[in-house]
1. Of the residues K10, K4, K76, only one is surrounded by fewer than 20 Cβ atoms within 10 Å (Cβ to Cβ), assigned to a helix (DSSP H, G or I) and either touching an Asp or Glu at 6+ places or on another chain (Cβ under 7 Å) or of a type in the set (D, E, K, R) (or both); which?
2. Under 6 Å between Cβ atoms, at least 6 apart or on separate chains: pull out the pairs that start in segment 78-107 with a residue that is farther than 22 Å from G127 by Cβ and end on any residue that is surrounded by 18 or more Cβ atoms within 10 Å (Cβ to Cβ) and polar (S, T, N, Q).
3. Restricting segment 15-55 to residues that are open to solvent by 80 Å² or more (accessible area, probe 1.4 Å) and of a type in the set (V, I, T), which is nearest to G117 (Cα to Cα)?
4. I'd like the full set of residues that are among the small types (G, A, S) and in contact (Cβ under 8 Å) with a residue 40 or more places away in the chain, limited to segment 108-130.
5. Can you tell me which residue among G98, G68 is in a helix (DSSP H, G or I) and either open to solvent by 70 Å² or more (accessible area, probe 1.4 Å) or under 14 Å from T12 (Cβ atoms) (or both)?
Amino acid sequence: MEAKGSTFLKVTGILMIVFGAIALIVSIIAILGIAALAAFNDGTYDMTMLYVGGVFALISAVAEFVAGIIGVINAKLPNKANTCIVWGVIVAVMCVAGEIISMIGGSQFNVFSLICGLVIPALYIIGAVKNKA
């Protein structure tokens with residue numbers, strides 16, 4: 001018999017894989033763009049926060065991608081639900097931390113961005129909780 005949240009976890013895991021892959025590509029392009037910008041910087045601007053944001057985006061993308069893979073692989077294994085919950089929380093925390101880093105870098109707090117970033121990890125966690133034995 002399949003666990004209640006199995007399909008839910010699998011679908012949200014697939015979404016996390018897709019969005020994680022897109023985020024990986026975008027964050028690599030962003031880091032390359034930051035490096036190009038740094039090459040033309042004559043020392044007038046401190047590039048530290050740009051690099052911190054770019055690297056954090058890359059790490060967040062990898063975490064989301066890995067969480068998605070773990071969710072898809074373990075969707076039919078209720079005994080692995082806690083692992084999925086932990087990965088879902090990691091992705092959600094990284095989303096909040098990313099918003100904080102953006103604010104430190106000078107951006108305004110964007111509630112819409114935060115909510116959009118938390119929807120899939122929250123649904124993923126709900127699927128994992130439903131999948132528990």
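1. Criteria check complete, one pass: K10.
2. G98/S60
3. Within segment 15-55, the match that is nearest to G117 (Cα to Cα) is I22.
4. Those that are among the small types (G, A, S) and in contact (Cβ under 8 Å) with a residue 40 or more places away in the chain: G127, A128.
5. It is G68.
The values are calculated or read from the model by the stated rules, or taken from the named source; none is laboratory data. The structure presented is a predicted model; accordingly, all values stated were derived computationally and were not measured. Neighbour counts are summed over all protein chains in view; Cβ atoms, including those assigned to glycine, are modelled from backbone coordinates with ideal geometry. Remember, those area values only see protein heavy atoms, side chains included, never the ligands or the DNA or RNA. Shrake-Rupley method; radii C 1.70, N 1.55, O 1.52, S 1.80 Å.
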